[in-house]
1. Conditions: (1) exposed (fewer than 13 other Cβ atoms within 10 Å of the Cβ); (2) at pLDDT below 75; (3) charged (D, E, K, R). Glu33 meets all but one. Number of the miss?
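The values are calculated or read from the model by the stated rules, or taken from the named source; none is laboratory data. Just so it is clear, the structure is predicted and the values come from calculations on it, not from any experiment. Reconstructed Cβ throughout: ideal geometry from the backbone, glycine too, with neighbour counts over all protein chains shown.
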Amino acid sequence: MTHEQLHLRRILPKNELASARALAREFGDWASEQVRAQLGIAIPADADHPTAVLDDLLESGGRLYIAEVDGQPAGIGGLKRLSPTSAEIKRMFVRPTARGLGIGRALLGQLIDDAREAGCDTVYLESAPFMHLAPNHVPAP
C-alpha cells in the first residue's frame with residue numbers, strides 16, 4: 001500500500017454490524033446487476049439478501065472481517081466452517097472504487113490463515129463467471 005492505510009477489523013457477534021451489512025448489501029446489488037447484465041437473469045426482489053448470511057456466519061462461529069482504507073469500509077470477507085477439514089469463503093467483496101489496492105489479497109490471506117488455524121486443509125470460494133478475478137477453489141497451504 002502507498003499512502004492508503006489498510007486495516008482488517010474482525011467483526012465479533014457483539015460488535016456493530018452496520019458497516020458489514022452495508023457492504024453485504026452493496027455486494028448483493030452489484031452481483032444482482034452483474035447476473036442480469038451478463039447472464040440475462042433477473043434475481044427476484046424477495047430473494048434472500050446477502051446480509052442474512054452475516055448473522056448465520058457469526059452465530060455459527062465463523063469469521064467476518066471488514067477491510068478499511070484510511071478508516072473507511074472498503075471490503076468484506078467471511079469464513080464459514082463446512083467440515084472439520086474444510087471451510088468456505090463467504091461474501092468476499094471489495095468496492096469497485098477500492099480495487100487494485102491489495103484489499104482482496106489481504107482479506108483472502110487472513111481468511112486462509114484463519115482456516116489453517118482452525119485445522120482446515122481446504123478452503124472453497126463460490127464464484128460466478130462475472131467474478132473473473134476470483135478463484136473457484138483455493139487450497140490452504
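1. With (1) exposed (fewer than 13 other Cβ atoms within 10 Å of the Cβ); (2) at pLDDT below 75; (3) charged (D, E, K, R) applied to Glu33, the lone miss is (2).
This table checks each residue for (1) modelled with pLDDT under 90; (2) at negative phi.
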| position | (1), (2) |
| --- | --- |
| Gln38 | yes, yes |
| Asp48 | yes, yes |
| Gly61 | yes, no |
| Asp70 | no, no |
| Met92 | yes, yes |
| Arg99 | yes, yes |
| Ala106 | no, yes |
| Gly109 | no, yes |
| Thr122 | no, yes |
